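The values are calculated or read from the model by the stated rules, or taken from the named source; none is laboratory data. These numbers were taken from a predicted model, which means no experiment stands behind them. All Cβ positions, even for glycine, are placed from backbone atoms using ideal geometry, and neighbour counts span all protein chains on display. The protein model used for the area step is the full one, side chains on, heavy atoms only, and it has no ligands, DNA or RNA in it. Shrake-Rupley method; radii C 1.70, N 1.55, O 1.52, S 1.80 Å.
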Amino acid sequence: MSWMQRIANVFRSEKLDRDIDEEIASHIDEASADGRTARDARRALGSPLKLRDEMHDAHVLTWLDSLRADAVYGWRRLARSKVTTAAAVISLGLAIGACTAAFRLVDALMLTPLPVKAPHELYTVARKGIGPEGKPQISDYWDYPLFLKMRAAVKDDAELLAVDYSGQADITYSTDDAMEKAHWEHISGGAFDSFGLNPVIGRLMHESDDHAPGAHPVAVLSERYWARRFGRDPGVIGKSLQQDNKTYEIIGVVQSPFAGTEPGSMVDIFAPMTMNDRVTDRHVMWFMTFVRVPQGRSPERVRAELDPVVYSDREDRMKESTSMSEKAKADFLNQKLILTPAATGASEFREDNRDALVALSVLVGLVLLIACANVANLMTAQAAARGRELALRVSIGGGRRRLVQLVLVESAWIGVMATALGAVFAWWAAPFVIALNSTPDNPVQLALPADWRVLAFAVALTSAVTLFFGLVPALRASKVDPSCALKGGEDPHARHRTMNLMVGVQVSFCILVIFVSGLFVASFRRLLDKPVGFVAKGLLVLDVMSSERRSPETWEALLARIKQTPGVESAALASWALMDGTAWNDSVSFNGGPPSETLGYFLRISPEWPDAMKIPIDAGRTLRPGADGQSEAVVSREFARTFLQGADPVGKFFEDVGDNGKRTQFAVVGVIGDSCYRGLRECVLPVAYLSVRSIDPYIEVAEGTRNATVMVRTEIDSTSSMSATLRQAVANVHMGFRVSNVRTQQSIDDLQMMRERMLAILAIFFAAVALVLAGVGLYGVMNYSVVQRQREIGVRIAVGAQAYDIARSVVARTAMMVLAGALVGIALGLAASRSFEALLYNVKPQSLTSLAIPCVAIAAAAVVAALPAVIRAVRIDPVVLLRSE
């Protein structure tokens, strides 16, 4: 009989048994036809049951048949204990789902290679050393003139590719009335050929499209954007679009799944690097550099060829600069060139959230371990309740290996059902976590395919979890002593020790989860309560663009029109909004002295800005309007403390010393309160506020500007209604003006806490799950203990034991394990907190509050879990118990 037939017979066991019975009956009939009696025929054949079993085994794969039988039996047992099974499946399913969701994020951000040719050959080029602010940093920003020199230096050994960081851009396919947002990226023309990409329609860019600044205004769409925006219309080829006052021709659509090189962002439109206005400016670093090192070539050799080119450029910059201190120059020259593998791309979003993702993975892993310990205790208790059944199986010849298989198969059923539930949870949870990190102005776009890595992880996780919570009960079940178990004399203390040990493990992990979660919540709370120095409520931020450079007078006219808009309380101009991540810093010189080593920070504002932001003027006055305030400055208190040791700066002069050595003098006319400048964590910086008419050390004022930020304080709470009104007001000033974006200052502030908010929300969820699981585990152990000891407890009550004594005997052993687990958990938490210091803000892990919260939480859970078991124990009636026996 073939293997396939024997496998098929396993799954038609009833029909096979009927066929065997019919075959045995036919043999008996043949014997009767030959003159023998049916009794003699049966005696000759032997035991019919043994004969049928032997014939059954000959027609099937015995190991598979026994596995099928155990699976059927295990399913029926689980179906009879619906509540217990549901509790195990739900708790384990949530944990498995959380782990799978975390892995999906890790896979998408860190493990999935770029869908390009030979991604393992890709590296990013960066500088590692001490940055301008005196802190260690790794910078992968480059300027285009230096990029061209680097590319020429390694052209025989490697290929350099420039890729801009993608961002949202305003584009239109007809007029400014049809303005829309799209993710835009400049990229080297030869990148598509190097990546081995193919067009869906049209053609892709080539190196010839990127050889001269502004020479080739062409664009390539991603297939995803083409399908969403144009419904896969092939007529899009040759169509024009406008972006930043340039008209581009769409020449092709790049094949999916390629949508850029940044995990966390998907590019809609690609344009040549030379179409960016900054390609000729060696003072602006604005893109990252990829290098493709072919197979057989050494990345170290490529780095060695690039190093002298970069070092020479740094020396040239030092010669040009008179603003940097000797220490800053030394730090700049000592920066080290590094090549980092980039098979999975390069992304600021990934680097910013790497630590948070690790913390999230640790939390979900701990919750999974708690759930496994919980289910292991449940399976151990069920195995104890089945002691007589298992002993009987051994007595009639069942092998102990079969007992292990029986219990493991039941565990596998729980694992499979939990995995199915976990898959649903993971399908929802991963996009939910991404949504917590995403805003309309800065959306996170991450592909989350169920690829082979996710599938392999789910299979491996299910197998590991099944073994973890099923193996211990299975091994204990195989050690059953038939003579002892059938007499009812099996000693339960061994199982108690195992279950109490599991309780200790659960409690320690639960304490660790709650401790770390408490730190994340406290960190978020500290940031939330931190004063920012201005009033964000009721403040709108308008990013206004112009079709051409406008003079300061034109921008001031725009501001005057906005002030007249109904519902506007006050308005002011600024180069950018506070806390949006933008910064301008330079060295500062007082009284013609040398440039300072400490950098000063700057922001251009109109005179109305302090009033619109509701930042008090502590001394002096605000800037004068118009040209009169062109050389004036209002400085923050921190600026005075940093550069004048707290002396009154009003009436003094200082110079902004640019990187190009140009010095611009300003007179301090006022001192303004400190406020957060670039971000919330590094809130107070030495800031000087200059007039919007002040001379830019890098750009001549006569050129004007094409964009500005208008801060509008409104009297109306409805942001949406004011947005439409203000957009119309700006458009009415001049047809060349338009509002690119409208934000609230509060949304900008909230963006600074996005990571902390995500960690706090998820930490609270996982802490609650861990606490519930630990509570259920404690309840199960104590309830099992009462059931096993009810005869002993009945005797104690019969001889006069008080309820207090009974309650103490029930909870004493478990309470000791809870205490031991809590101490271990606190120790683990203090050790783990050092690994998460980068994610914490102004939180002391050793504080009494940080230590008390998890202890109080687990104590409360233990009391709630112990109460039903204690009530059950003290209500035992010894008379009824003894009569029943």
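What are the residues in the range 593-629 that are within 18 Å of Ser675 (Cβ to Cβ) and among the hydrophobic types (A, V, I, L, M, F, W, C), if any? Selection gives Leu599, Phe602, Leu603, Ile605, Trp609, Ala612, Met613, Ile615, Ile617, Ala619, Leu623. Considering the range 781-808, the residues that are within 46 Å of the chain's Cα centre (by Cα) and open to solvent by less than 30 Å² (accessible area, probe 1.4 Å) include one that is modelled with the highest pLDDT, namely Ala807.
Yes/no per residue for (1) modelled with pLDDT under 95; (2) surrounded by fewer than 18 Cβ atoms within 10 Å (Cβ to Cβ); (3) closer than 22 Å to Met205 by Cα:
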| site | (1), (2), (3) |
| --- | --- |
| Tyr123 | no, no, yes |
| Ala126 | no, no, no |
| Pro132 | yes, yes, no |
| Tyr144 | no, no, yes |
| Asp156 | yes, yes, no |
| Leu160 | no, no, yes |
| Ser166 | yes, no, yes |
| Thr175 | yes, yes, no |
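I'd like to check something: does the range 253-265 contain any residue that is touching a His at 6+ places or on another chain (Cβ under 7 Å), under 28 Å from Trp584 (Cα atoms) and assigned to a strand (DSSP E or B)? No, because not a single residue in the range 253-265 is touching a His at 6+ places or on another chain (Cβ under 7 Å), under 28 Å from Trp584 (Cα atoms) and assigned to a strand (DSSP E or B). Screening Cys372 against (1) of a type outside the set (Val, Ile, Thr); (2) part of a loop (DSSP other than H, G, I, E, B); (3) buried (at least 18 other Cβ atoms within 10 Å of the Cβ) leaves a single unmet condition, (2).
Does the range 39-88 hold any residues that are among the acidic types (Asp, Glu) and modelled with pLDDT of 75 or more, and which are they?
We begin by selecting, within the range 39-88, every residue among the acidic types (Asp, Glu); these are 40, 53-54, 57, 65, 70.
Result: Asp70, single match.
Restricting to the range 653-672, count the residues that are part of a loop (DSSP other than H, G, I, E, B) and surrounded by fewer than 17 Cβ atoms within 10 Å (Cβ to Cβ).
Residues of the range 653-672 part of a loop (DSSP other than H, G, I, E, B): 658-662.
From what's left, surrounded by fewer than 17 Cβ atoms within 10 Å (Cβ to Cβ): 660-662.
Residues meeting the conditions: 3.
For Ile171, indicate whether it is touching a helix residue (DSSP H, G or I) at 6+ places or on another chain (Cβ under 6 Å) and surrounded by fewer than 20 Cβ atoms within 10 Å (Cβ to Cβ). It is false that Ile171 is touching a helix residue (DSSP H, G or I) at 6+ places or on another chain (Cβ under 6 Å) and surrounded by fewer than 20 Cβ atoms within 10 Å (Cβ to Cβ).
Residues that are surrounded by 24 or more Cβ atoms within 10 Å (Cβ to Cβ) and modelled with pLDDT under 90: does the range 483-497 have at least one? Among the residues of the range 483-497, not one is surrounded by 24 or more Cβ atoms within 10 Å (Cβ to Cβ) and modelled with pLDDT under 90, which makes the answer no. The single residue among Glu389, Glu351 that is at pLDDT 85 or above, surrounded by fewer than 19 Cβ atoms within 10 Å (Cβ to Cβ) and part of a helix (DSSP H, G or I) turns out to be Glu351.
Taking (1) open to solvent by 60 Å² or more (accessible area, probe 1.4 Å); (2) at pLDDT 90 or above; (3) hydrophobic (A, V, I, L, M, F, W, C) in turn, Leu455 satisfies each apart from (2). Quick check, is Ala729 surrounded by 18 or more Cβ atoms within 10 Å (Cβ to Cβ) and touching a Phe, Trp or Tyr at 6+ places or on another chain (Cβ under 8 Å)? No: the conditions fail for Ala729.
Does the range 589-608 contain at least one residue that is within 26 Å of Ser747 (Cα to Cα), touching a Lys or Arg at 6+ places or on another chain (Cβ under 7 Å) and among the polar types (S, T, N, Q)? Working first, answer last.
Taking the range 589-608 and keeping what is within 26 Å of Ser747 (Cα to Cα), we get 601-608.
Among the residues that remain, those that are also touching a Lys or Arg at 6+ places or on another chain (Cβ under 7 Å) are: 607.
Now restrict to residues that are among the polar types (S, T, N, Q): none.
Checked the range 589-608: no residue is within 26 Å of Ser747 (Cα to Cα), touching a Lys or Arg at 6+ places or on another chain (Cβ under 7 Å) and among the polar types (S, T, N, Q).
Scanning the range 555-583 for residues that are closer than 16 Å to Ser723 by Cβ, aliphatic (A, V, I, L, M) and either part of a loop (DSSP other than H, G, I, E, B) or open to solvent by less than 10 Å² (accessible area, probe 1.4 Å) (or both) yields a total of 3. Restricted to the range 616-639, and to residues that are open to solvent by 10 Å² or more (accessible area, probe 1.4 Å) and β-branched (Val, Ile, Thr), which residue is farthest from Gln665 (Cα to Cα)? Here the answer is Ile617.
Can we say Ser596 is touching a helix residue (DSSP H, G or I) at 6+ places or on another chain (Cβ under 7 Å) and over 22 Å from Ala560 (Cα atoms)?
Values: touching a helix residue (DSSP H, G or I) at 6+ places or on another chain (Cβ under 7 Å): yes; over 22 Å from Ala560 (Cα atoms): yes.
Spelling it out, Ser596 is indeed touching a helix residue (DSSP H, G or I) at 6+ places or on another chain (Cβ under 7 Å) and over 22 Å from Ala560 (Cα atoms).
Considering the conditions (1) modelled with pLDDT of 85 or more; (2) open to solvent by less than 60 Å² (accessible area, probe 1.4 Å); (3) among the polar types (S, T, N, Q), Ser718 is excluded by exactly one of them, (1). In the range 271-280 there is at least one residue matching the filter, namely being in a strand (DSSP E or B) and either among the aliphatic types (A, V, I, L, M) or surrounded by 16 or more Cβ atoms within 10 Å (Cβ to Cβ) (or both).
Determine, yes or no, whether Pro308 is open to solvent by 20 Å² or more (accessible area, probe 1.4 Å) and over 37 Å from the mean Cα position of the chain (by Cα). Walk me through it before giving the result.
Values: open to solvent by 20 Å² or more (accessible area, probe 1.4 Å): yes; over 37 Å from the mean Cα position of the chain (by Cα): yes.
Here the answer is yes, as Pro308 does meet what is asked.
May I ask you to list the residues in the range 159-183 that are of a type outside the set (S, T, N, Q) and farther than 21 Å from Gly231 by Cβ? Even if it seems obvious, please write down each step before you answer.
Within the range 159-183, the subset of a type outside the set (S, T, N, Q) is 159-165, 167, 169-171, 173, 176-183.
Within the range 159-183, Glu159, Leu160, Leu161, Ala162, Val163, Asp164, Tyr165, Gly167, Ala169, Asp170, Asp176, Asp177 meet the criteria.
The residues listed here are Tyr698, Tyr689; of these, the one that is under 30 Å from Phe602 (Cα atoms) and modelled with pLDDT of 90 or more is Tyr689. On the stretch given as the range 832-863, residues that are surrounded by fewer than 13 Cβ atoms within 10 Å (Cβ to Cβ), in contact (Cβ under 8 Å) with a residue 60 or more places away in the chain and hydrophobic (A, V, I, L, M, F, W, C) total 1.
Checked against the criterion of being open to solvent by 30 Å² or more (accessible area, probe 1.4 Å) and not aliphatic (A, V, I, L, M), the candidates Ser222, Ser298, Ser188 yield just one match: Ser298.
So, in the range 88-99, how many residues would count as being among the polar types (S, T, N, Q) and more than 17 Å from Phe468 (Cα to Cα)? Let's see the steps before the verdict.
Initially, the range 88-99 is screened for residues among the polar types (S, T, N, Q), giving 91.
When the remaining residues are screened for being more than 17 Å from Phe468 (Cα to Cα), the result is none.
The number of residues fulfilling the criteria is 0.
Among the residues of the range 401-420, the ones that are under 29 Å from the mean Cα position of the chain (by Cα) and surrounded by 18 or more Cβ atoms within 10 Å (Cβ to Cβ) come to 5 in all.
Checking each residue in the range 598-615 for being open to solvent by 60 Å² or more (accessible area, probe 1.4 Å) and in contact with a Pro (Cβ under 9 Å, 6 or more places away or on another chain) picks out only Thr598.
On the stretch given as the range 203-240, residues that are farther than 19 Å from Gln255 by Cα, touching a strand residue (DSSP E or B) at 6+ places or on another chain (Cβ under 9 Å), among the small types (Gly, Ala, Ser) and in a loop (DSSP other than H, G, I, E, B) total 2.
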